[in-house]
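See below for the structure under consideration.
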Amino acid sequence: MGSKLKKNFLILPIAAWLAFSPGSALAKPDLSWQILRPGLSLSVIQASDTARTGSEDVILLKINPQVLGFRVLAAPNGERGYDAGDWRKKTGALAVVNAGLFTPEKNYLGLLIKDGRRLSRLASRPAGLFVAEPDDPSLPKARVLDMQYTALDIEHLPYRQAAQSIMLLDRFGNIRVRRTAHVANRTALAEDSSGNILVIITKGEHTLWEFADYLAKSGLDIREVMCMDGGPEAQLDLKVGDYTLTQYGSPSGSMGLPWPSAALPVALGIFAPPPKKPVQSFRGR
């Protein structure tokens, strides 16, 4: 890749971002992070003003992409996939979260790249793009990109993993979804100012606009935020050592009643780096 393309890909309007970062004018919330392992931390905050039904709890999973990796998980064409827990068990991931949006026929809406192979094409409307595993080691290991403000050459995207979805909140604090009365469990993916990736998933049901407004006013140190599918597809399954956490959404209006978990044709896996092979030493005779 030429130096000009790399420069366009990396440079963001820093001055404009500094003028407004969501929550920049607010005090940071008093978060208590539980370190699950190097590069992976967990916290829970409350969204009492926006949770329409169910729990107020919002789960935050913070991932340092310098330590842990991301991979797109995708079922073969025509197959329904697995819920987050089965994806995690089958792949050996530390955690799995739902990704993207789908048609009623479970076709992915937007660009999807798995291990360098393009599985679906770029869609015109959703402006959010999660990317990970760069070809060039000088690039950030994972990003949440807003294609409305970031110059990208999609045909030569320098990342081996990518998943397109809707922008929820941009770096200027603009809410990028419309007001509706529809409530559901929500999943979001955000990037903070230190380059960490945050998985944000609600236990209760929220309208999408009110959820975005809550994040904008939360004081969390986040920039771009993109929205993944909601309702029964809003899923997180995590296991680190003896610690486990599962959060599965349910259809809107189910009032928290038990519901079978939905299959996910596509998900994002969070992985520990492979163990380094021991260096063998050979002594001359």
Task: Members of the range 175-197 that are within 27 Å of Gly54 (Cα to Cα) and out of contact with any strand residue (DSSP E or B) (no Cβ under 7 Å at 6 or more places or on another chain) - done: Arg178, Arg179
TODO: Please specify each residue of the range 45-90 satisfying the condition of being surrounded by fewer than 17 Cβ atoms within 10 Å (Cβ to Cβ) and closer than 15 Å to Gln235 by Cβ.
DONE: Ala75, Arg80, Asp86, Lys89, Lys90
- [ ] Considering each residue of the range 30-64, count those that are touching a residue at least 24 places away in the same chain (Cβ under 8 Å) and not hydrophobic (A, V, I, L, M, F, W, C), and give that number.
- [x] 13
Task: Total residues in the range 172-189, condition surrounded by 24 or more Cβ atoms within 10 Å (Cβ to Cβ) and either of a type in the set (Phe, Trp, Tyr) or not in a loop (DSSP other than H, G, I, E, B) (or both) - done: 4
TODO: State which residue is farthest from Gln66 (Cα to Cα) when the search covers only the range 98-142 and only residues that are acidic (Asp, Glu) and in contact (Cβ under 8 Å) with a residue 12 or more places away in the chain.
DONE: Asp115
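Yes or no, residue by residue, for (1) part of a loop (DSSP other than H, G, I, E, B); (2) of a type in the set (A, V, I, L, M):
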residue	(1), (2)
Pro104	yes, no
Gly110	yes, no
Arg118	no, no
Ser124	yes, no
Leu129	no, yes
Ala132	no, yes
Asp136	yes, no
Pro140	yes, no
- [ ] Please tell me if Gly230 is at positive phi and of a type outside the set (S, T, N, Q).
- [x] no
Task: Filter result (farther than 19 Å from Val72 by Cβ, touching a residue at least 40 places away in the same chain (Cβ under 8 Å), out of contact with any Phe, Trp or Tyr (no Cβ under 8 Å at 6 or more places or on another chain) and not in a strand (DSSP E or B)) within the range 143-160 - done: Tyr149
Open item on the list: Go through the range 91-102 and report how many residues are surrounded by 14 or more Cβ atoms within 10 Å (Cβ to Cβ), of a type outside the set (A, V, I, L, M, F, W, C) and part of a loop (DSSP other than H, G, I, E, B).
Closed with: 1
Task: Residue that is modelled with the lowest pLDDT [pool: residues in the range 135-171 that are buried (at least 16 other Cβ atoms within 10 Å of the Cβ) and of a type in the set (Val, Ile, Thr)] - done: Thr150
TODO: Tell me which residues, restricted to the range 36-53, are of a type outside the set (Lys, Arg) and either farther than 20 Å from Gly249 by Cβ or assigned to a loop (DSSP other than H, G, I, E, B) (or both).
DONE: Leu36, Pro38, Gly39, Leu40, Ser41, Ala47, Ser48, Asp49, Thr50, Ala51
- [ ] Report, by residue number, each residue of the range 54-73 that is in contact with a Ser or Thr (Cβ under 9 Å, 6 or more places away or on another chain), in a strand (DSSP E or B) and over 17 Å from Lys203 (Cβ atoms).
- [x] Lys62, Ile63, Arg71, Leu73
Task: Some residue of the range 124-136 being among the β-branched types (Val, Ile, Thr), within 28 Å of Leu36 (Cβ to Cβ) and more than 15 Å from the chain's Cα centre (by Cα) - done: no
Open item on the list: Looking at the structure I just gave you, is Thr207 within 16 Å of the chain's Cα centre (by Cα) and more than 25 Å from Lys141 (Cα to Cα)?
Closed with: no
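Here is a yes/no grid of residues against (1) closer than 21 Å to Ser48 by Cβ; (2) touching a residue at least 24 places away in the same chain (Cβ under 8 Å):
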{"position": "Glu210", "(1), (2)": "yes, yes"}
{"position": "Tyr214", "(1), (2)": "yes, yes"}
{"position": "Lys217", "(1), (2)": "yes, yes"}
{"position": "Leu220", "(1), (2)": "yes, yes"}
{"position": "Met228", "(1), (2)": "no, yes"}
{"position": "Asp242", "(1), (2)": "no, no"}
{"position": "Gln247", "(1), (2)": "yes, yes"}
{"position": "Ala267", "(1), (2)": "no, yes"}
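The values are calculated or read from the model by the stated rules, or taken from the named source; none is laboratory data. Keep in mind it's a predicted model, so treat the numbers as computed, not measured. All Cβ positions, even for glycine, are placed from backbone atoms using ideal geometry, and neighbour counts span all protein chains on display.
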